[in-house]
Amino acid sequence: MIEFDEKVEMYGKMAIALEIIENCKEFSLLVPEVRTNLVFASSNAVTPSDVLAIDGRITVVNGLPRAAGPFRFGASDHMARLILEIRKKEPDIRAGINFASTPELTKWLKGFCERKGWIFGVIDRSKEPIEVSLKDGESMPWKIEELMRSTSGKIPKIFYETGAVGKEPVSVLIGRDPVEVAREACEIAIAFSREAKEMIQKDTKVGKIAPEEFESIIMGRFGAADDTVIVPPKAGVDAGVVDLGNNTVLVVAEDPIFSIPFLPLEMFGWYTVHIGASDVAVMGARPRYMCYTLLVPPGTEKADMEIIVDSIHRAALELDIAIIGGHTGYYPGIAEPLIGGITVFGIAERGGFITSAGAKPGNDIILTKGPAIEAVGILASIYEKELEKRCNASIIEKAKSLLKEISVVRDSMIAMGTGGVTAMHDATEGGVIGGLFEIAQASNVGMEVDESLFTIPNEVEVICEIFDIDPIEAISEGSLIITADVQKSSQIVDNLRRSGINASVIGKVIDSTEKRILKRKSGEIVPLRIPEQDPFWPVFFKGLYTRPA
């Protein structure tokens, strides 16, 4: 029987510990698919009913750790039994927390423990005898003996349990009380997230695969051959095209969409539709139908779900798109709402669509809005507080407003309505310089482009300079690259401008594939290319890890 005074103390310490964890946004990165539980055993605990835990465990809601339910004795089984078994060896250990286990994290934890002077251990489930796994109550004592074998007979501060059939690998941190455990868990989360961010900045490519990877991994793996497929998957081509007969084609594009932390959920729904629709519009077809898959973390509030779904509905209404299917559900392992895929369909006449492979020598090259539209809009929103120290409020507000420009549906429809368009492509990852290269490569042509002819908003120049980002290399959904007949290019630019979309002719398409160049404002001549790393991503992830919650 647990004394009343001890219960009061236990509830109090658990409340403080949970507050520490829920205010540590970095810990959300360590919540495993099975979710996290924090447990605290009474001083004379014998069974799981003597162990205080979180009913429903800790999940992730809007990027932050959140308890799914209240504290309750007996709310945990596995973690409770684990702590009870450990206490047979070390009675002072009364609390523990489980979190994610990956090869990268395990390697990092070993080094972290060495620096802290902590013992690190492992429970290798592959060594568990079958007779032990099948006998009720025998598995946990075996685990602790196996753990101590890995540490020469000592109970470690941190250990991990390898996975087994139907069991997710997990890491475990133990201590004398939950406040100690919570503080140490958050120390680990903050330190690991900082190092993970540095690895992203220095070593790891983030974003879509490179053209050579597309060729080696994707090309040739397109399922069954079908003569009705007019435009199959190809690097730099935004959508596929299928011949439906009767002089009609179906244009189909798909994209994943990640939510941007710290931005309103309404925006998530809006740009989900516009980014998906843009890939059909650049093919010269009006987006007409769509499906989407919305995945959210368990524990996401119904009101948030309604905001996302309603904003997708309203954006589809704006573009006259019918939503014809999809999937929506709650899934562990997801830290933020995610569109697993949005598929948009358009219908056009057999000769009424274009691709990014249609540029012809002699065409003018047109750019709408300027470079780095998406990058600047997102970064201005994430780093708003930091930017207030570097530039005036009007620049920040103009930069943030660019989020409403990350669509090329109107740009594409205006250009197609004017006529003379031979190719279109939106400048997504890799920026304008990457988009130009993709058109040149797909069309087997050369290009001569002059950066001084770009229409570049002042807010783009300011924000890119602050973050040391080359604007022509940064992700720029919303910037449409158009190639067009010279007789029509000035009219296309005029019609775009009359509709409130800045545009300019920035260069020419030429015959020689050996000459794909961009003249920088400085006068330097550089080749058109896809950057090895879009400069937006490292700055973006740094903002996720360091921005105050």
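Odds and ends about this structure:
- Order of 345, 40, 99, 4 - criterion: other Cβ atoms within 10 Å of each residue's Cβ, fewest first: 4, 345, 99, 40
- Positive dipole terminus of the range 4-202, leading residue within 162, 109, 23 (C-beta point charges): 109
- Spacing of the two label points (7 Å from each Cα toward its C-beta) at residue 127 and residue 318, in nm: 5.9
- Dipole magnitude of the chain, debye to nearest 20 (Cβ charges: Lys/Arg +1, Asp/Glu -1, about Cα centre): 520
- Residue 8/residue 502 FRET efficiency (R0 41 Å; Cβ-Cβ; nearest 0.05): 0.05
- Extension reserve of the residue 511-residue 225 stretch, reckoned as 0.36 nm per residue once the Cα distance is removed: 99.7 nm
- Loop-located GluC sites (Glu not before Pro) across the range 328-389 with a Cβ neighbour count of 16 or fewer within 10 Å are 388, with loop assigned by DSSP.
- Label point distance in nm, residue 350-residue 114, each placed 7 Å from Cα along Cα→Cβ: 6.8
- Counted by neighbouring Cβ atoms within 10 Å, the residues 267, 10 run from fewest to most as 267, 10.
- Per-selection Rg to Rh, the chain - Cα, Kirkwood hydrodynamic radius: 1.06
- Estimated Rh, the range 466-549: Kirkwood, alpha-carbon pairs, angstrom: 16.1
- Taking other C-beta atoms within 10 angstrom as a stand-in for reagent exposure, 7, 302, 88 fall in the order 302, 88, 7, fewest first.
- Residue (of 412, 313, 476) at the positive-pole extreme of the chain, dipole from beta-carbon charges: 476
- Difference of contour (0.36 nm per residue) and Cα-Cα distance, residue 183 to residue 526: 118.4 nm
- Kirkwood Rh and Cα Rg combined as Rg/Rh, the range 226-353: 1.03
- Summing charges over neighbours of residue 76, with a neighbour being any other residue whose Cβ is under 14 Å away from its Cβ, gives +1 when K and R count +1 and D and E count -1.
- Label-point gap, in nm, between residue 519 and residue 150 - each point 7 angstrom along Cα→Cβ: 6.4
- Violating pairs (Cα-Cα greater than 23 angstrom) within the set 302/398; 234/521; 389/542; 88/143; 208/385: 302/398; 234/521; 208/385
- Extreme residue, positive dipole direction of the range 357-549, given options 453, 443, 361 (C-beta unit charges): 453
- Mean Cβ count within 10 Å, highest first, over the residues of peptides 398-411, 307-320: 398-411, 307-320
- Shape box of the range 4-202 [Cα atoms, principal axes, largest first, Å]: 48, 41, 32
- For the chain, the Cys residues with no second cysteine's beta carbon closer than 4.7 Å are 113, 291, 391, 464.
- A DSSP coil position with no more than 16 other Cβ atoms inside 10 Å describes the following GluC sites (Glu not before Pro) in the range 1-84: 3, 33.
- Ellipsoid semi-axes in whole angstrom, largest first, where each is sqrt(5λ) of the Cα gyration tensor of the range 357-549: 29, 18, 13
- The length gained by stretching the chain between residue 104 and residue 162 to full extension, at 0.36 nm per residue less their Cα-Cα distance, is 19.5 nm.
Since every read-out is calculated from the coordinates, none of them should be taken as a lab result. Computed from a predicted structure; not experimentally measured. Because the Cβ atoms are built from the backbone with ideal geometry, glycine has one as well, and the counts that use them run over all protein chains shown.
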